[in-house]
Every structure is written in structure tokens, then in C-alpha cells.
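Participant: Take this structure first; my questions come after.
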Amino acid sequence: MPIWNPRAETMARAELEQLQLERLQAIGNRIWESVPFYRRRFEGLGLMPEHVRSLDDLRLLPFTVKEDLRTGYPYDLFAVPLREVVRIHGSSGTTGRPTVVGYTKNDLRHWRELVARVLSAGGMTKDDVVQIAFSYGLLTDAFGLHQGAEEIGASVIPVSAGRPEEQIGIMEDFRTTALVGTPSHALQIAEMLEKRGVARSRLHLRWGILGAEPWSEATRRKIESLLGISATDNYGISEVMGPGVSGECENRKRGLHINEDHFLCEVVDPESGEVLPPGETGELVITTLTKEALPIIRYRTGDLTALDPEPCGCGRTLVRMARISGRTDDMFVVGGVKVLPSQIEEVISGVEGLEPRYVVVVDRQDGADTVEVQVEVPGALLTGDVRHLLSTQELVRQRLEAALGLGVEVKLVEPRTIAPSEGRTQKIIDRRTSEGSDF
Ligand SMILES: [Zn+2]
């Protein structure tokens with residue numbers, strides 16, 4: 001795959017770190033001068049911008065959390081006057097006020113460049129016809145990816161999110177070669193294609209550049225085989241810019257290259273806030289190094305990942321982050337072992353004939369934590385050979401124990417026992433925290 005900006009993406013580590021330090025110091029000075037919120041924070045900790053003398057000194061600086069952006073709603077954290085802001089985006093605000101992000105002309109220029117890098121790493125070139133299947137609006141995904149694709153010189157179709165039938169119609173007629181959207185939307189499109197019996201040869205699709213939500217390798221395989229494409233993951237959050245923070249190269253099992261000349265990333269223990277060594281899973285924390293309108297220091301993303309500094313065969317020297325394995329809110333600890341719903345999902349999806357529909361019941365018996373995973377099985381399996389049913393149950397148990405590193409009970413349950421759900425509340429039932437659960 002082509003490297004969009006070889007100068008920046010293959011820079012020697014020492015040179016990159018020097019650039020990061022210079023930019024970190026400049027951002028520190030800028031927020032001290034221009035953002036009263038940060039000035040108060042720094043003063044409360046007895047910190048001055050000149051205390052940042054090395055990249056390690058980053059950990060002296062305070063975290064920024066989503067609540068800070070809400071409190072500063074809409075413009076209190078901006079570092080430039082509104083007359084210098086040329087674009088305003090926001091989060092959806094489903095859990096309260098939206099968070100607002102602003103961009104100067106330079107911010108937009110950087111954004112286009114960084115998204116172009118991510119799209120190139122995923123295979124896109126100026127010869128592609130790109131279908132943007134994100135909603136155009138306050139959110140950053142559609143506009144961010146749209147501009148990056150234009151920067152590359154591809155032909156961009158701003159379809160927006162829509163029904164799978166509409167997307168397929170456009171794909172056929174416009175000879176789309178790259179689909180840009182969420183993995184769940186891509187999966188819906190792929191399944192609709194299969195249902196309607198549309199031959200893959202009628203489509204010209206080659207690439208899926210998918211992101212904005214966590215997805216499993218099993219989902220990736222399904223999308224790739226049904227659509228006949230190469231699907232890569234990319235990551236970004238609106239608070240620090242939007243898409244363009246990181247993306248997979250051709251060695252995609254190894255993670256997403258972070259655009260480190262613009263974002264300084266750490267992984268911290270979600271509980272203690274301590275910085276974790278490479279390879280350990282924790283919460284991603286991002287410091288923007290070049291943002292002018294809304295610079296952010298050590299932003300707690302709530303997304304779980306791990307960093308991998310090993311050199312990559314593609315030639316990029318930028319560190320990689322593992323694909324997002326969940327939210328900090330979804331992680332639970334059993335007998336000292338951290339467990340993520342995505343690990344359980346990956347195991348169940350890998351077993352022939354099972355869909356990842358499950359509930360985890362965590363309990364405590366005689367002072368020891370217990371884990372029971374209830375998995376829905378298709379009716380045919382339940383009414384069929386009992387030995388097959390039992391061997392499936394045993395297979396799931398063994399694989400879960402190997403993946404999680406702890407003892408697990410598995411119970412197969414009838415179809416539609418488990419309500420379709422997103423998120424922790426229905427997938428994880430933690431009886432340890434309810435009253436009297438110890439008895
Ligand atoms: Zn690579």
C-alpha cells in the first residue's frame with residue numbers, strides 16, 4: 001500500500017520524538033496563555049509550561065475528561081477567538097450536552113492530511129470511487145473522511161448513512177470501489193447483498209475503510225468474504241479531531257499506526273491513571289500536538305487498547321495501537337483478571353454455528369468469584385444430537401478459559417432467551433455487587 005507522506009510516516013524515532021517534544025512545549029505555552037481552564041489546572045498543581053523538559057514530563061500534566069468539555073460548553077476551552085474558527089463540530093450529546101470542537105484553517109489542513117494517510121494505508125488511491133456512508137451533520141466522521149478522500153484525489157460520493165438497499169443501488173450504478181462507514185453498516189449491506197442474491201461481480205468494490213465503533217475479527221472476516229473486499233479499521237474521536245488519529249496498514253493484524261507527529265498517545269490504568277508499559281491493555285489517553293482551535297492535554301478517551309512500538313514491515317515508524325477492545329466502563333475484573341466482553345465475543349463467534357449472543361453472570365460463592373457464560377444456540381442444535389450439543393458446550397468452555405485465563409462455566413440456552421442489547425447492562429450481570437450476594 002502507498003505511504004501518503006513518507007517524510008512524516010517513516011521518520012527516525014529520535015527525530016520524531018524531538019518534534020513531539022517541541023510541539024508539546026509549544027502547546028503547553030499556548031494553553032497557558034490562552035485557555036483559562038488549563039491555566040487554573042496548571043496553577044492548582046504548581047505547574048508552569050517550562051516544567052515540561054522531556055516527553056516523560058507529560059505525565060506531570062493533568063488529565064482532561066469529557067466532563068471538562070461539557071463544563072466549558074460551548075467555547076470555553078477554545079484557544080483562539082471565534083473569528084479564527086472556520087468549522088465547528090460536536091458529539092451527539094445523547095448523555096447530556098454535546099461536546100463542541102472547533103477547527104482553524106490550519107486544523108482543517110492537518111485533518112485532511114491525516115485522514116489521507118489513513119485512507120492510503122487502507123489501500124485507497126486517486127483512482128478510487130469512494131462512497132461515504134456516514135451521516136453528514138454535527139459528527140466528525142463523514143466530513144473528516146470525505147475531505148481526506150478528496151485530498152487523495154479520489155472521486156467522493158457523499159451518500160450519507162442510509163438503508164442498505166440504497167447503498168447497494170448507488171454502489172452498482174456509480175461503480176463504487178471503496179466503502180467508508182461503520183462496520184455494522186457494512187455488515188448490513190453485505191447481508192442484504194447476499195439476501196437479494198446480487199452477484200459480487202456486479203460490484204466494483206475493493207476496499208472497506210471502516211471505523212467509529214469496535215468490531216471483532218469475526219465480523220471483519222464476514223464483511224470481507226461477503227463483499228469480496230479488504231476491510232481495514234481506523235480510529236479517531238471528535239474531541240481531539242475526528243477520524244485520522246490512526247489506521248491499519250497492510251499488516252493489519254498488528255494494529256493501527258498512530259499519527260504521532262500530531263497526537264501523543266499514552267495507555268493508562270483506568271483505575272489508577274498510572275501509565276502502563278507497551279503491550280498492556282488500558283485506557284487510551286491522547287494529547288493533541290498541533291491543534292490550534294481546541295488543543296487538548298491528556299484526554300481520557302474511555303477506549304481500551306495497548307501500544308506496540310515494534311517496527312512494522314510496511315516501513316512506517318509510527319507506533320501502533322491494538323484495535324479498540326471495548327470501553328473502560330465495560331471491563332470487569334474477576335479474581336484479579338481483567339475481562340472484556342470483546343474477548344468473549346471473539347471466542348463465541350469463532351465456534352461454528354454460534355452467534356455472539358450471550359450473557360455473562362459474575363457471582364461470588366464461598367468468597368471466590370465465579371463466571372457463567374450463557375450462550376444462545378440455534379434451535380436445530382438444541383433439538384439435535386445431545387452429544388453434539390455437549391461437545392459444543394465443552395469447546396466453548398475450553399476456548400473461553402484459554403482466552404481469558406480463568407475458570408468459566410458455560411450454559412447453552414434456547415434462542416431468544418437473551419434480549420438483543422448493546423453495552424454492559426444486559427451483557428454482564430454482576431451479582432457480587434448486589435446486596436447479600438455473598439450468602
Ligand atoms: Zn505498518
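The values are calculated or read from the model by the stated rules, or taken from the named source; none is laboratory data. Predicted model only: the values in this text are computed from it and were never measured. Because the Cβ atoms are built from the backbone with ideal geometry, glycine has one as well, and the counts that use them run over all protein chains shown.
Yes/no per residue for (1) more than 21 Å from SER216 (Cβ to Cβ); (2) part of a loop (DSSP other than H, G, I, E, B):
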| site | (1), (2) |
| --- | --- |
| LEU318 | yes, yes |
| PRO356 | no, yes |
| VAL359 | no, no |
| ARG364 | yes, no |
| THR370 | yes, no |
| VAL373 | no, no |
| LEU389 | yes, no |
| THR392 | no, no |
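Participant: Could you check, for region 291-307, whether at least one of its residues is in contact (Cβ under 8 Å) with a residue 12 or more places away in the chain, part of a strand (DSSP E or B), in contact with a Gly (Cβ under 7 Å, 6 or more places away or on another chain) and within 22 Å of SER120 (Cα to Cα)? Please lay out each step first, then the result.
Facilitator: Filtering region 291-307 for residues in contact (Cβ under 8 Å) with a residue 12 or more places away in the chain gives 291-307.
Still in the list and also part of a strand (DSSP E or B): 299-305, 307.
Filter again for in contact with a Gly (Cβ under 7 Å, 6 or more places away or on another chain), leaving 304.
From what's left, within 22 Å of SER120 (Cα to Cα): none.
Within region 291-307 (the criterion being in contact (Cβ under 8 Å) with a residue 12 or more places away in the chain, part of a strand (DSSP E or B), in contact with a Gly (Cβ under 7 Å, 6 or more places away or on another chain) and within 22 Å of SER120 (Cα to Cα)), the answer is no, since none of the residues qualifies.
Participant: What number of residues in region 51-70 are in contact (Cβ under 8 Å) with a residue 24 or more places away in the chain, part of a helix (DSSP H, G or I) and touching a helix residue (DSSP H, G or I) at 6+ places or on another chain (Cβ under 9 Å)?
Facilitator: Residues flagged as in contact (Cβ under 8 Å) with a residue 24 or more places away in the chain, part of a helix (DSSP H, G or I) and touching a helix residue (DSSP H, G or I) at 6+ places or on another chain (Cβ under 9 Å) within region 51-70 amount to 3.
Participant: Inspect region 110-133 for any residue being without any contact (Cβ under 8 Å) to a residue 24 or more places away in the chain and outside any loop (DSSP other than H, G, I, E, B) and give the result as yes or no. Write out each step before concluding.
Facilitator: As a first pass, look at region 110-133 and keep what is without any contact (Cβ under 8 Å) to a residue 24 or more places away in the chain: none.
Scanning region 110-133, I find no residue that is without any contact (Cβ under 8 Å) to a residue 24 or more places away in the chain and outside any loop (DSSP other than H, G, I, E, B), so the answer is no.
Participant: Tell me yes or no: at least one residue of region 228-236 is in the same structural domain as LEU138 (by TED's automatic domain parsing), within 16 Å of the ligand (Cβ to nearest atom), in contact (Cβ under 8 Å) with a residue 60 or more places away in the chain and farther than 30 Å from ARG200 by Cβ.
Facilitator: Within region 228-236 (the criterion being in the same structural domain as LEU138 (by TED's automatic domain parsing), within 16 Å of the ligand (Cβ to nearest atom), in contact (Cβ under 8 Å) with a residue 60 or more places away in the chain and farther than 30 Å from ARG200 by Cβ), the answer is no, since none of the residues qualifies.
Participant: Any residue in region 245-255 that is touching a residue at least 12 places away in the same chain (Cβ under 8 Å), over 14 Å from the mean Cα position of the chain (by Cα) and more than 13 Å from the ligand (Cβ to nearest atom)?
Facilitator: The answer is no, given that none of the residues of region 245-255 is touching a residue at least 12 places away in the same chain (Cβ under 8 Å), over 14 Å from the mean Cα position of the chain (by Cα) and more than 13 Å from the ligand (Cβ to nearest atom).
Participant: Checking the structure you have, find out if any residue of region 100-114 is of a type outside the set (D, E, K, R), under 19 Å from the mean Cα position of the chain (by Cα), at pLDDT 95 or above and more than 16 Å from the ligand (Cβ to nearest atom).
Facilitator: Just the residues of region 100-114 that are of a type outside the set (D, E, K, R), to begin with: 100-104, 106, 108, 110-111, 114.
The next check asks that each one be under 19 Å from the mean Cα position of the chain (by Cα); those that pass are 101, 111, 114.
If we keep only those that are at pLDDT 95 or above as well, we get 101, 111, 114.
This time we only want the ones that are more than 16 Å from the ligand (Cβ to nearest atom), so: 101, 111.
There is at least one residue in region 100-114 that is of a type outside the set (D, E, K, R), under 19 Å from the mean Cα position of the chain (by Cα), at pLDDT 95 or above and more than 16 Å from the ligand (Cβ to nearest atom).
Participant: Right, LEU19: among the aliphatic types (A, V, I, L, M), within 20 Å of GLU113 (Cα to Cα) and surrounded by 12 or more Cβ atoms within 10 Å (Cβ to Cβ) or not? Before you say what the answer is, go through the steps one by one.
Facilitator: Values: among the aliphatic types (A, V, I, L, M): yes; within 20 Å of GLU113 (Cα to Cα): yes; surrounded by 12 or more Cβ atoms within 10 Å (Cβ to Cβ): yes.
Criteria met by LEU19.
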